[in-house]
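Below you'll find the structure, written out as structure tokens, and then a few comments.
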Amino acid sequence: MAAYDHQPGFVIDSLTSDAYRTDLAVVLEELPARARVLELGCGSGSFTQWLHTNQLDVTGVDRSEAQLAEARQRLPDVPFTLCDIETDSGIDILASTHALFDLLISRYVIHELSDPIEAFTRWGKLLKPTGRLVLIENAWNRSDWGSSDWGQRTDSLPLACTQTWATAVYCLKKAGYSAVAAHWMHTLNALESMRIVSGFRLYCISATFPKQDKEQK
């Protein structure tokens, strides 16, 4: 199990599992039965496991073979793919080996993207016309995280150390998405395990890609 899986904000126990289910209720309710879901940047599979236990047909993708080895050990019946989700070649691998997805979802990923607008555009190629992209991210106070080792490593990235979802929504719109909803994940943020991390607050963005809008016109 990855070291960060034990850290506050990353742990998914019974309380956080229920909180995720509450904060993502609208997203889950809109999905068809046995919806096809792709978790982008799945890491060691802790959130993949949560998606799987909620009766979703989930596939995980990550660019770290070491992380995927842990994910496969955790979930031997779930398919995982090794590729870089920021490159055309990585998206081509997924598009050639999987049917289109009802939901693309990422957790704690977008702040590490070197070019989020380009990445979001590429991701849209994997969505069904009625599909959704859901981003779960942590917004933190710059004074709390910016001086940390992690903050210094990622300080030059576009979505690093942002305090609200506004920048992510801007990047989605520049990539051609329509943002359906953006909100704080209040149930999760109220948990003690979340509050002990200074400045740590989760938000969720749900968006559609232009090809859906065109088909509905």
ask   = Out of the range 15-44, which residues are surrounded by fewer than 21 Cβ atoms within 10 Å (Cβ to Cβ), without any contact (Cβ under 8 Å) to a residue 40 or more places away in the chain and under 13 Å from residue 59 (Cα atoms)?
value = 34
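Residue 92 - would you say it is charged (D, E, K, R) and in contact (Cβ under 8 Å) with a residue 40 or more places away in the chain? Quick ask: steps written out before the conclusion?
Working: charged (D, E, K, R): yes; in contact (Cβ under 8 Å) with a residue 40 or more places away in the chain: no.
No, not satisfied.
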note = Per the filter on the range 195-217, residues of a type outside the set (D, E, K, R), under 24 Å from residue 103 (Cβ atoms) and either modelled with pLDDT of 90 or more or in contact with a helix residue (DSSP H, G or I) (Cβ under 6 Å, 6 or more places away or on another chain) (or both) are 202, 203, 204, 205, 206, 207, 208, 209
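For every residue, the table says whether it meets (1) assigned to a helix (DSSP H, G or I); (2) among the hydroxyl-bearing types (Ser, Thr, Tyr); (3) touching a strand residue (DSSP E or B) at 6+ places or on another chain (Cβ under 8 Å).
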{"residue": "16", "(1), (2), (3)": "yes, yes, no"}
{"residue": "19", "(1), (2), (3)": "yes, no, no"}
{"residue": "26", "(1), (2), (3)": "yes, no, yes"}
{"residue": "29", "(1), (2), (3)": "yes, no, no"}
{"residue": "39", "(1), (2), (3)": "no, no, yes"}
{"residue": "42", "(1), (2), (3)": "no, no, yes"}
{"residue": "69", "(1), (2), (3)": "yes, no, no"}
{"residue": "92", "(1), (2), (3)": "yes, no, no"}
{"residue": "95", "(1), (2), (3)": "yes, no, no"}
inquiry  = So the check is Cβ under 7 Å with 6+ separation or different chains; which pairs have a first residue in the range 176-189 that's under 18 Å from residue 122 (Cβ atoms) and modelled with pLDDT under 95 and a second one that's surrounded by fewer than 17 Cβ atoms within 10 Å (Cβ to Cβ) and among the acidic types (Asp, Glu)?
reply    = 178/213
task = Could you identify the single residue in 73, 55 that is part of a loop (DSSP other than H, G, I, E, B) and polar (S, T, N, Q)?
result = 55
query = Here are some conditions: (1) modelled with pLDDT of 80 or more; (2) in contact with a His (Cβ under 6 Å, 6 or more places away or on another chain). Residue 160 meets all but one. Which one does it not meet?
reply = (1)
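Here's a check for you: in the range 100-120, which residue that is out of contact with any strand residue (DSSP E or B) (no Cβ under 7 Å at 6 or more places or on another chain) and under 18 Å from residue 37 (Cα atoms) is surrounded by the most Cβ atoms within 10 Å (Cβ to Cβ)?
Only one residue fits best here, namely 120.
The values are calculated or read from the model by the stated rules, or taken from the named source; none is laboratory data. As the structure is a prediction and not an experimental result, all values here were calculated from the model. Because the Cβ atoms are built from the backbone with ideal geometry, glycine has one as well, and the counts that use them run over all protein chains shown.
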